[in-house]
1. Need the list of aspartates and glutamates near residue B:98 for cross-linking: C-alpha distance under 12 angstrom, and skip anything on the same chain fewer than eight residues off.
2. Ordered by residue, what ³J(HN,Hα) values in Hz, to whole numbers, does the stretch A:18-35 give under the Karplus form 6.51 cos²θ - 1.76 cosθ + 1.60, where θ = phi - 60° and Gly and Pro are x?
3. Counting only other chains, what is the mean number of Cβ atoms within 10 angstrom of the Cβ of each residue in peptide B:3-13?
4. Any idea what the relative contact order of chain B is, in percent, if you count C-alpha pairs under 8 Å spaced at least 6 apart?
5. Place the peptides A:46-53, A:86-93, B:281-288 in order of packing, highest mean first, counting for every residue the other Cβ atoms within 10 Å and averaging per peptide.
6. Quick check: the distance between the Cα centres of the stretch B:71-106 and the stretch A:134-197, to the nearest angstrom?
7. Would you mind giving the mean number of other chain beta-carbons within 10 Å of the Cβ of each residue in B:76-89, as a whole number?
8. Using only Cα atoms and rounding to the nearest 10 degrees, what angle (0 to 90) does helix B:53-81 make with the longest principal axis of chain B?
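The values are calculated or read from the model by the stated rules, or taken from the named source; none is laboratory data. Small disclaimer: the values here were computed from a predicted structure and weren't measured. Backbone-built Cβ (ideal geometry, glycine too); neighbour counts: all protein chains shown. All accessible areas refer to the heavy atoms of the entire protein, side chains included, with ligands and DNA or RNA removed. Shrake-Rupley method; radii C 1.70, N 1.55, O 1.52, S 1.80 Å.
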Amino acid sequence: MADPFKPRAPFAPWDRRQLPGLFDVEETARRVGNYKWAEMKLFEALGGWVATVPELDVKMRLGTHCYHHAWHAELWHKRLPELREMNPDRLTQPANDTLVEFVAALTEPEAPDQTIEKLVGVYRVFIPHFISAYTFHMNNTSEITDAPTIRTLKLALIDEFDDWRDGEMMLQSLIDTPEEVDRAAAHQARLEKLIVAAGGIAGPGSIGGN
Amino acid sequence: MRKFFPVDSLARDSRFNQITMRQSQADPRTVLVGTDAKQRPNSNRLTPQRPDASDRARGLMHGIFVGEIQALEGAGRTCFDFETGAGDSTDNVPFALKLDMARQAWDEARHVEISVKLSEWMGTEIGQYAENTVLFEAACSTDPVLRLAGVNRALEGLAIDVFTTMKEFGDIAGDPYLEFCEDWMLADEVTHVKMGSDWLRRITENDPERRKKALEFQSVVDKIFSFGGTRSDSDESPIGLARRFRELAGFSDDEVEDIATVSLAALEERKAFAARARADAVDQFSAS
């Protein structure tokens, strides 16, 4: 056995984590507050839609995914005080007014024959924007100082990818005709324009640039 | 999407047939209405020895299945219908309560999955029995505290009784698959009832009037969910009162006694209703 008292490097050769990161504490808290707000709006919408969709398999998936996003909101809620925000509600805000408009448009469909629109909004627009914003944050924050945020991002991303796949599978099984393809595309375009105008779920700079 | 979704708009595929509580209670195939008192068995409790045990168990499982769908829908609506706030008025609920409702939505979605598979196992098709929508009606209140009282304490409390009965049925009938699944669902339901009890106490801590109103609503729903005597301590009821699991879920001894009294009263009312229905039928037949 190697000598247990022989000095070793504090970082093992395979541990390449770096100190620098793009976000300071304040900016991280702002983003986390935006994430929490967006996850809340998503789980509320999913919960509300359960009663409005006639397709039994979709109904059950929406109920399951509702909890996933509620759990993400809870994780972000718990992270805020660790980022010096002792009143989490203060930062639980939309990134801007356009994102509020986006959520209003997302939650507009109610009729039982609008399952395609409901699923398109969540799985082809909102969740892909969560995936991109979370991935950008995870890859650009300090791997050492902000490790707790990275852990939450990784856990949330597992759900986001799984839910996106579920949603896309449901959509492909529901879209049968060219007209339905057009419906899905038109609704996606309408919502995508709004979220692009908002800059993403954390506003401009959600995935860098700007 | 509007806030507060009406029960008659619940979305279902073409296999489902929805009926009201009144239609359900007037169903001539039910034991209390359709059979002469002298021919009724001494016990209506669901046991494998009953000649109609197979159909009764399948019917009950289908009832669980549609009940779980409505419980899922109700929990989901509570996530959406109210703003997030301190819970000090009827238009808002605390963030943590919404998280509990989302958790419940996931649990109920699993229960739908479980009951679909159990129904298949028992040889039942979706829609083979009617869907009574009274469960979702209790989730339509505009006061979230009333929803907690009506759904989490009354409805989920009934679920504790039903799952206990089905678990015992699975045990006696030698069906470990049924017993295993019912036991898992029972664990979740105890959690949901406790959730409702805890939130009811916390939200109405400084509002005794609101608490009183909620408990009165719960009592009404308990009576309705006794399904005219379907659930009570009496052997005349197919479903028993699961006292031990109710204690685990946070019901006090007094509360369990109150439910037992209400359930027995519902049974007696139902029997009186059945006697009147029979008498009316005889009169109509004699007159024709």
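1. A:44, A:74, B:81, B:83
2. 10, 6, x, x, 6, 10, 7, 4, 5, 5, 4, 4, 4, 5, 4, x, 5, 4
3. What the average comes to for B:3-13 is 4.
4. Value for chain B: 21 percent.
5. So the peptides A:46-53, A:86-93, B:281-288, ranked by packing, come out A:46-53, A:86-93, B:281-288.
6. So the separation of the two Cα centres works out to 24 Å.
7. 4
8. It works out to around 20 degrees.
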